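Contents: one structure, followed by commentary.
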Amino acid sequence: MKIWWLLLIVTILLSACQCSAEIVKIEGTAVKDFQRIGAWGWDLKVKKVIEGPEELQGKLISVYLTSANPAEYPPGFLDPNIKVGDSVEAYGQVDFCEPGVSCDILLVGSDEYYLKRIAAINSES
């Protein structure tokens, strides 16, 4: 009986996380940097969804790296020159998304993932 309840709870939680394992690309504004045990990154206010679920538009989301094993989970790039108020672009995998509450974008799992200042992206072109 306990296993049945556990499976039911897991199913409900997975169905509530509609954007899980989805690759997204967004533009936004850097609001605040953060450092947690094993993770660091930025909270962003999403201005534009380039690729991914439109429900991210206007939300405050976290974009971050973790201290995962780089041989197994290649890290993306997190621009060290980002400052509060900068316009930024993020490309990564949705790690967690609770509809109506918050979403997190993980920059680990591909060396193509990034969080960069838009000015830096434009100067690369």
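Numbers below:
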quantity	calculated
Filter result (closer than 13 Å to L44 by Cα and without any contact (Cβ under 8 Å) to a residue 60 or more places away in the chain) within the stretch 79-95	I82, K83, V84, G85, D86
Members of the stretch 96-109 found to be in a strand (DSSP E or B) and over 16 Å from K47 (Cα atoms), listed by number	F96, C97, E98, L106, V108
Single unsatisfied condition, A71 versus (1) more than 18 Å from I23 (Cα to Cα); (2) modelled with pLDDT of 95 or more	(2)
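The values are calculated or read from the model by the stated rules, or taken from the named source; none is laboratory data. Nothing here was measured: the structure is a model prediction, and the numbers come from that model. Note: ideal-geometry Cβ built from the backbone for every residue, glycine included; neighbour counts use all protein chains shown.
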